[in-house]
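Asker: Can you keep this structure in mind? I'll have questions shortly.
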Amino acid sequence: AVEIMRLLGSRAAALAVMAALGAFLFAGAVGGTLAESAYSSRAFLAVLGALGAGLLVYLVRRAPVAAQGPRPLGRFLLHVGMLAVLAGGIATVRLARHKLIEVIEGQSVPVISQGTRLRLDKFHAFYREGHLHKGAAARLSLSGEGPDREALVLINRPARFDGADILLDIHGFAPLLRVQDKEGKTLLHAFVSLRTEFGKKVLYQREVDIPDTELDLNLEFFPSPSGPLPTAPRLFVKVEQGDLSLGQAELSVGQSASLAGLRIGFEDSRYWAGFQVRIDPGLPIVAAGCVLILAGSGLCLWRNSWT
C-alpha cells in the first residue's frame with residue numbers, strides 16, 4: 001500500500017495523468033462521435049480515478065507542511081481546489097437534472113415532480129424601436145412542500161425554488177382553437193403553442209393534425225398589423241390534405257369560418273413560455289474549488305519581499 005501511494009504521488013505518475021488528460025481534451029476538441037466515445041469510455045474514467053487518487057495522496061503527504069509558509073499552503077490549497085472541481089464535476093454528471101417545460105398563461109404544470117408546480121400568471125415581452133426584441137418577464141406562482149410564493153423571472157435573472165433554478169428561455173403565442181365537424185361535434189378545442197422562428201421577420205406558425213380526420217391545419221399568427229405586441233391578433237388558417245389546400249381564412253379573436261366541411265373558430269390568444277429547470281448539486285462544489293485554486297495560485301506566487 002505504501003508503494004502504491006508513493007507511485008500515485010510521484011511526479012512521473014502526475015505527468016502520465018496530465019498527458020492522458022491532454023489526449024482526451026484533444027479528442028473533445030476534434031468533436032463528433034470521437035468525443036462522445038472518448039468521454040464515455042472506461043479509459044477516461046480510469047484517468048479521472050488516477051487523478052483523484054494522486055490528489056488525495058498528495059494532500060495526505062503534504063498536510064503536515066501546509067502551515068509552514070505561503071507557498072506550501074498555496075500548493076496545498078491548489079490541490080484541494082483541483083480535487084473539489086473533480087468531485088463537483090462527477091456530482092454534476094451523476095446527479096444533475098435538466099428539463100425544458102412549456103407553459104401557457106394561466107396554466108399550471110409540474111416542475112420537478114407532481115408535488116412541485118409552476119403557474120405562469122403573466123408574461124410580457126419588451127421591444128426596442130424597429131420591433132427588435134429587448135427582453136421578457138414572467139410572473140410565476142410556485143407551489144411545493146413549503147409555502148407557496150410568487151417570483152418574477154427575467155431573461156438574465158432566474159428564480160430558485162426547492163433546489164431548482166428556473167430560467168426563462170423561449171416564448172411565443174398560443175391561440176385557442178375550436179374545430180367542429182358538420183354535425184357540430186368538437187374535434188379540437190385547445191390552446192396551440194406556435195413555433196417562434198426568428199429572422200428578418202419573426203414568424204409564429206405551426207401545422208396541427210385534426211383528430212379523427214386526414215386533414216391538417218396550417219397556422220400563422222400575426223400579433224398586430226403594426227408591431228410585435230398582441231394588440232390586434234389575427235390568425236391565418238389553411239386547411240390541407242397532404243399537399244392539397246382545401247381552403248383558407250384570416251380570423252380575428254371571436255371569429256370563425258367554414259372550411260372543407262369544418263367550422264374553425266379563433267376564441268382567444270395567450271402567450272406561452274419555455275423554462276429551463278436545472279438541479280445541479282455539483283455546481284457549488286465546482287465554484288468552491290475554483291476559489292481555492294485562485295487562492296492557492298496567489299499564495300504560490302507570493303514573494304518574500306511582499307511580506
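The values are calculated or read from the model by the stated rules, or taken from the named source; none is laboratory data. Note that the coordinates shown come from a computational prediction; the quantities given were computed from them, not determined experimentally. Here the Cβ positions follow ideal geometry from the backbone for every residue, glycine too, while neighbour counts run over all protein chains shown. The protein model used for the area step is the full one, side chains on, heavy atoms only, and it has no ligands, DNA or RNA in it. Shrake-Rupley method; radii C 1.70, N 1.55, O 1.52, S 1.80 Å.
Asker: Only Cα pairs under 8 Å and at least 6 apart count here; give the relative contact order of the chain as a rounded whole percent. Let's see the in-between values first.
Answerer: On the way: 579 pairs, mean separation 64.9, N = 307.
Relative contact order of the chain: 21 percent.
Asker: Just need the relative contact order of the stretch 161-307 here, percent rounded to a whole number, with Cα pairs under 8 Å and 6+ apart. Intermediate values should be presented prior to the final figure.
Answerer: Working: 266 pairs, mean separation 37.6, N = 147.
The value is 26 percent.
Asker: Please build a GNM for the chain, connecting alpha carbons under 10 Å apart, and tell me which residue among A43, A138, A87 fluctuates the most.
Answerer: It is A43.
Asker: Still on this model: Heavy atoms only, 1.4 Å probe, whole protein assembly: order H189, H98 by accessible area, highest first.
Answerer: Values: H189 85, H98 110 Å².
Listed by decreasing accessible area, they come as H98, H189.
Asker: With springs connecting C-alpha atoms under 10 Å apart, model the chain as a Gaussian network and identify which of K200, K185, K134 has the largest mean-square fluctuation.
Answerer: Of K200, K185, K134, the most mobile in the Gaussian network model is K200.
Asker: Using a 10 Å cut-off on Cβ atoms, rank the peptides 263-269, 55-61 from the highest mean neighbour count down.
Answerer: Working: 263-269: 18.9, 55-61: 16.6.
The densest-packed peptide leads the list: 263-269, 55-61.
Asker: Quick check: pseudo-label points 7 Å beyond the Cα along Cα→Cβ at L56 and H98, how many nm apart are they?
Answerer: 2.9
Asker: Under DSSP H, which helices of the chain have Cα atoms covering 27 Å or more of the helix axis and a Kyte-Doolittle average no less than -0.5? Walk me through the numbers on the way to the answer.
Answerer: Working: long enough: 11-30 (29 Å, 1.91); 42-62 (30 Å, 1.40); 70-95 (36 Å, 1.07).
Qualifying helices, which must be both long enough and hydrophobic enough, are 11-30, 42-62, 70-95.
Asker: Given R₀ = 30 Å, what would the calculated FRET efficiency be for S37 paired with D165, taking r from the Cβ atoms and rounding to 0.05? Spell out each step's value before the answer.
Answerer: Working: r = 31 Å, r/R0 = 1.02.
FRET efficiency, S37 to D165: 0.45.
Asker: Next question, about the same structure. Determine the share of the chain's accessible area contributed by carbon and sulfur atoms, expressed in whole percent, with a 1.4 angstrom probe.
Answerer: Working: 10460 of 17950 Å².
Summing carbon and sulfur atoms, their accessible area is 58 percent of the total for the chain.
Asker: So, in nm, how far is label R263 from label K200 when the simple model puts each one 7 Å beyond its Cα toward the Cβ?
Answerer: Roughly 4.2 nm, to one decimal.
Asker: So, one more: When the dipole is taken about the Cα centre of the stretch 132-174, and only Lys, Arg (+1) and Asp, Glu (-1) are charged at their Cβ, what size is it in debye, to the nearest 20?
Answerer: Working: 5 positive and 6 negative charges, 58 e Å.
The dipole of the stretch 132-174 has a size of about 280 debye.
Asker: What is the stretch 35-186 by shape, rounded, prolate or oblate, if you read a ≥ b ≥ c off the alpha carbon gyration tensor as root eigenvalues and call it rounded for a/c under 1.5, prolate for a/b larger than b/c, and oblate otherwise?
Answerer: Details: a/c = 2.85, a/b = 2.35, b/c = 1.21.
Prolate is the answer for the stretch 35-186, as a/c is 1.5 or above and a/b outweighs b/c.
Asker: Give the calculated FRET efficiency between K182 and L154 to the nearest 0.05, with a Förster radius of 45 Å applied to their Cβ-Cβ distance. Walk me through the intermediate numbers first.
Answerer: Values: r = 48 Å, r/R0 = 1.07.
It comes to 0.40.
Asker: What accessible area per residue, rounded to a whole number of Å², is obtained for the stretch 250-297 using a probe radius of 1.4 Å? Walk me through the numbers on the way to the answer.
Answerer: Numbers: 2190 Å² over 48 residues.
I get 46 Å² per residue for the stretch 250-297.
Asker: Would you please classify the overall shape of the stretch 205-307 from the alpha carbon gyration tensor, given that a ≥ b ≥ c denote the square roots of the eigenvalues, rounded means a/c under 1.5, and beyond that prolate means a/b larger than b/c while oblate covers the rest? Walk me through the numbers on the way to the answer.
Answerer: On the way: a/c = 5.10, a/b = 3.38, b/c = 1.51.
Note, shape of the stretch 205-307 comes out prolate.
Asker: Can you match Kirkwood radius over Cα pairs in Å to one of these, (1) 20.5; (2) 23.2; (3) 24.5, based on a calculation from the structure here?
Answerer: Label (3) holds the value from this structure.
Asker: Please find, in a Gaussian network model of the chain (springs between Cα atoms separated by less than 10 Å), the residue of G296, G144, G254 whose mean-square fluctuation is greatest.
Answerer: Answer for the Gaussian network model of the chain: G254.
Asker: Using the basic label-point model (7 angstrom from Cα toward the beta carbon), what is the V109 to A14 distance in nanometres?
Answerer: Spacing of the two 7 Å Cα→Cβ label points: 5.0 nm.
Asker: Next up: Say the dipole of the stretch 86-130 comes from +1 at the beta carbon of Lys and Arg and -1 at that of Asp and Glu; which of T92, P110, G130 then lies farthest toward its positive end?
Answerer: So the residue we want is T92.
Asker: Moving to a separate point now. Would you mind listing how long the stretch 132-180 runs along its three principal axes, going by Cα atoms, in whole Å with the largest first?
Answerer: Per principal axis, max minus min of the Cα coordinates gives 43, 34, 14 Å.
Asker: Count the lysine pairs in the stretch 110-208 whose Cα atoms sit under 30 Å apart, keeping only pairs 8 or more residues apart in sequence or on different chains. Write out the running numbers ahead of the final one.
Answerer: Numbers: K122/K134; K122/K200; K122/K201; K134/K200; K134/K201.
The number of close lysine pairs in the stretch 110-208 is 5.
Asker: When the Debye formula is applied to the Cα atoms of the stretch 97-201, each taken as the same point scatterer, what base-10 log of I(q)/I(0) results at q = 0.17, 0.21 Å⁻¹?
Answerer: Listed by q, the Debye log ratios stand at -0.89, -1.15.
Asker: How do M18, M82 rank by accessible surface area computed with a 1.4 Å probe, from largest to smallest? Spell out each step's value before the answer.
Answerer: On the way: M18 95, M82 65 Å².
From most accessible down to least: M18, M82.
Asker: I've got another one for you. What accessible area per residue, rounded to a whole number of Å², is obtained for the stretch 40-136 using a probe radius of 1.4 Å?
Answerer: Numbers: 5720 Å² over 97 residues.
Counting only protein heavy atoms, the per-residue value for the stretch 40-136 is 59 Å².
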